[in-house]
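J.: My questions will all concern the structure given below.
The values are calculated or read from the model by the stated rules, or taken from the named source; none is laboratory data. What you are looking at is a predicted structure, and each value in this text was computed from that prediction instead of being measured. Reconstructed Cβ throughout: ideal geometry from the backbone, glycine too, with neighbour counts over all protein chains shown. Heavy atoms of the whole protein, side chains included, go into the accessibility calculation; ligands, DNA and RNA do not. Shrake-Rupley method; radii C 1.70, N 1.55, O 1.52, S 1.80 Å.
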Amino acid sequence: IAKDGIVVIVNNANKVSSLTVNQTKDIFSGNVTDWSKVGGSSGTISVITREDGSGTREGFQNIVMGGKNGTKIVSNAIVQSSTEAVLQAVKGNPNAIGYISLASLSGDVKAVTINGVAPSEKTVSDDTYKIVRPFIFLTKGQPTGIVKDFIDFTMSAEGQAIVKQAGAVPMTSS
C-alpha cells in the first residue's frame, strides 16, 4: 500500500554526507569503528539502533545487514525504543549514526546519501534510494467483502492521499 525510506542519519556537525550500502553495513556491524575510515574526521562511531521488534529495525536488518541470518548489528550499539529517541541521540552526539523512517526526518540531523542517492519521496518511490521497505496488507486468500473494500479504498486516490499525509510514500499518485 506504500513504501518507506529508511534514512541513515548522522549529527549535523559530522563531515560525512555520503555512504554506500556496504559502508553502512560495515559501520553497523562494527567492522568500521572510526569516521576517518569513511571520509570523516577521526572519532569513534557511536551506533544507534532500534529495539528488537521495531519494524524499522527489521527493515534495516533485512535490507542493509542481509536479513535474519545476515550480519548482526554490533553488540555495543545504543538501543533506543522510539524514532524520537534515535533522533535525539544522533542530534546530541557528533559521532553518532542511526536510522529512521523518511517521514520522521528533520533538520535536527543530517540524512546521508546512500550510493550517491539522497532519500526523498521521489527516490523512494522510484527505488533509486536503496533502503526502502514496503508497507503491505497480507490476507489469507483473495480478499473479499469489507476487506477487499478497505484495500480498494486504501489504493484509491483518497486512500493514497491519507497514506501520504501519514508520512509514507504512496504507491499511486494522488
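J.: Highest mean first, what order results for 156-164, 93-101 on Cβ atoms within 10 Å?
T.: Descending mean neighbour count gives 93-101, 156-164.
J.: Let me ask you something else. Could you pull out the pairs from LYS72/LYS164; LYS130/LYS164; LYS3/LYS148 whose alpha carbons sit more than 25 Å apart here? Could you put the intermediate results ahead of the total?
T.: Numbers: LYS72/LYS164 32 Å; LYS130/LYS164 20 Å; LYS3/LYS148 20 Å.
Beyond 25 Å: LYS72/LYS164.
J.: Next question. When the convex hull of the C-alpha atoms of the stretch 37-113 is computed, what volume per residue in Å³ does it have?
T.: Values: hull volume 8.3 nm³, N = 77.
Per residue, the Cα convex hull of the stretch 37-113 comes to 108 Å³.
J.: Just the number, please: carbon plus sulfur as a percent of the accessible area of the stretch 49-156, 1.4 Å probe, no ligands or DNA/RNA counted. Provide the component values of the computation, followed by the final result.
T.: Values: 3300 of 6000 Å².
On the stretch 49-156, the fraction of accessible area on carbon and sulfur atoms equals 55 percent.
J.: So what is log10(I(q)/I(0)) for the chain at q = 0.09 1/Å, when the Debye sum runs over its Cα atoms only?
T.: Debye curve over Cα of the chain, log10 I(q)/I(0) at q = 0.09 Å⁻¹: -0.33.
J.: Give me the accessible area per residue for the stretch 86-159, probe 1.4 Å, as a whole number in Å².
T.: Values: 4110 Å² over 74 residues.
Accessible area per residue: 56 Å².
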